[in-house]
Amino acid sequence: MEIELNDPEHTRSAWIRRFETYLPELVYGSIDGIVTTFAVVAGAAGANLHINIIIILGMANLIADGLSMSIGSYLSHKSEHDNYQKHLRMEMWEIENMPDVERQEIELIYKNKGFEGKELEMVVNRITANKQVWLDTMMKDELGLSEHKKSPVKAGVSTLLAFVVAGAVPLIAYFIAYVGKMGMDPFAVSSIVTLLTFIFIGYIKTYVTQASLGRSIAETLVLGTAAAMAAYFLGDYLEKILT
């Protein structure tokens, strides 16, 4: 079998391969982090809030939402791991205590796959001769479960780090403006830097979704921009009616 040289699965860069196990957590944590923080910044800018207030709101969002997302990621992965282990113990008990019933289930599984006669008997005998193979087959073919190899802790930490790092991007211009003079409007600088970051995250996202580069970048830009615009105009509207 020949491998196409332009196959993204084989041409992806070495640094992507190093992080690909937790790449989904890194990508979606980054997207949530930068979108929510930029929305906060945009809403505050629309309401003409002081730089100090924007920094406080942005940092509060980073900590609160970052921890919330990382805890959610941890609990989600732990739940999948615990569910797999629960059913694994059940299947092990059934194989040990109800081997005839479990053998019939293996036979039915492979009969539905088109095996019959001596061929079916040979496959069933081969699988049930090895308890580990038997157990793996029951887990995958009967229950549709695969072992969850991701560490819940690492998944949660990856989500948190990605959220905080990407979410800090919209605030960089405001920190610079706070400690010194900036020749441009901080919101304009923040918007440009965030736009570029959206493009970069959209590029990395292609390794997770396998979508085209243009579509991945466009989706990230549209969603991020829509959230920011909604927050900006809401902030502007509320500032006018409340002051």
State all residues of segment 104-125 that are under 27 Å from residue 148 (Cβ atoms), open to solvent by 60 Å² or more (accessible area, probe 1.4 Å) and part of a helix (DSSP H, G or I); if no residue qualifies, say none.
-> 108, 112
Of all residues in segment 209-231, how many are buried (at least 16 other Cβ atoms within 10 Å of the Cβ) and either under 19 Å from residue 46 (Cα atoms) or of a type in the set (Val, Ile, Thr) (or both)?
-> 7
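Quickly run through segment 81-103 and pick out the residues that are acidic (Asp, Glu), under 22 Å from residue 147 (Cβ atoms) and surrounded by fewer than 18 Cβ atoms within 10 Å (Cβ to Cβ). First the steps, then the outcome.
At the first step, the residues of segment 81-103 found to be acidic (Asp, Glu) are 82, 91, 94, 96, 100, 102.
Now restrict to residues that are under 22 Å from residue 147 (Cβ atoms): 82, 91, 94, 96, 102.
Residues satisfying the conditions are 82, 94, 96.
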Just for helices (runs of 4 or more DSSP H) wholly inside segment 1-80: which have at least 3 residues that are among the hydrophobic types (A, V, I, L, M, F, W, C), modelled with pLDDT under 90 and open to solvent by 40 Å² or more (accessible area, probe 1.4 Å)?
-> 14-19
Restricting attention to segment 167-197, report how many residues are more than 14 Å from residue 228 (Cα to Cα), in contact (Cβ under 8 Å) with a residue 24 or more places away in the chain and open to solvent by 60 Å² or more (accessible area, probe 1.4 Å).
-> 2
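The values are calculated or read from the model by the stated rules, or taken from the named source; none is laboratory data. Every value quoted in this text rests on a predicted model; they were computed, and no experiment measured them. Here the Cβ is made from the backbone with ideal geometry for all residues, glycine too, and neighbour counts use every protein chain on show. Accessible surface areas use protein heavy atoms only, side chains included; no ligands, DNA or RNA. Shrake-Rupley method; radii C 1.70, N 1.55, O 1.52, S 1.80 Å.
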